[in-house]
Amino acid sequence: MIKERLDAQLLESLKENGFIESTELEQICIPKIKSGHDLLCIAGKDSGKSTTIIVSVLQRLKAELEDNPRAVIVVADKERALEMKNEFGRLGDYTDLRIHTACDDEKIDVQKDKIYMGSDVVIGTAKRLNQIYTLYALNLGSVQIFAIDDADRVIKNLNYLQLDRLAQSLPKAQKIVFATTLTEWVERFANEFMNNQDIIEIEESEQNANDGSEQQ
């Protein structure tokens, strides 16, 4: 798992949770994200896209800080948001990071209160993130990483303007976009909102299985 580039506690947590070898995507993308580059990566299922986002955020944030989120992750639905939150809890058990979700079919008042009271990472759908932002409960001023997981699914499932609004509110944040296919909408987002992004394409035949762990 890219030993020379990860914090010792994070590396130990990965080993304890069965992450023995990195996928090709992880080997290429984690160092680029760590360097601060905007990144667009096209790769298939089980290539390690979600794990790459989680590891990169844990590496960057390390511990609780103030009340405003420093990472916002857009996902397609509640199921993926909860999966990622659980994985943050599993791999980031050594941290005190506050991870909250913001999904369409949950009570918005409960979500906005949790986020407003203090959060480090917020994972949610673009629609609900926009709603909470409109209610002044999601402060985007401290966001360092803005990530979209399975961007082709995210963009397919929502009004594109919702994603535009979030990106426009985060001009200084590092943007990380992962997709299975390079659709017209994904390409448009990259051209409009990403700065000199690195573009990585991982061929299906080149992907490596991660020993002992399921990759997203």
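The values are calculated or read from the model by the stated rules, or taken from the named source; none is laboratory data. Predicted model only: the values in this text are computed from it and were never measured. Cβ sites come from the backbone with ideal geometry, for glycine too, and all protein chains shown count toward neighbours.
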- Task: For region 176-196, enumerate the residues that are closer than 20 Å to residue 54 by Cβ and either of a type in the set (S, T, N, Q) or in a helix (DSSP H, G or I) (or both).
- Result: 180
- Message: Quick check on residue 143: is it at pLDDT 95 or above, under 23 Å from residue 38 (Cβ atoms) and of a type in the set (Val, Ile, Thr)?
- Response: yes
- Which of the residues spanning region 57-74 are at pLDDT below 95 and either surrounded by 24 or more Cβ atoms within 10 Å (Cβ to Cβ) or outside any helix (DSSP H, G or I) (or both)? 62, 63, 64, 65, 66, 67, 68
- Note on the structure: residue 53 passes all but one of the listed conditions (1) touching a residue at least 60 places away in the same chain (Cβ under 8 Å); (2) more than 19 Å from residue 173 (Cβ to Cβ); (3) crowded, with 17+ Cβ neighbours inside 10 Å; (4) not hydroxyl-bearing (Ser, Thr, Tyr); the exception is number (2)
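Within region 114-171, work out how many residues are part of a strand (DSSP E or B) and among the β-branched types (Val, Ile, Thr).
The qualifying residues number 5.
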- Query: Can you tell me which of 39, 14, 61 is among the hydrophobic types (A, V, I, L, M, F, W, C) and more than 13 Å from the chain's Cα centre (by Cα)?
  - Reply: 14
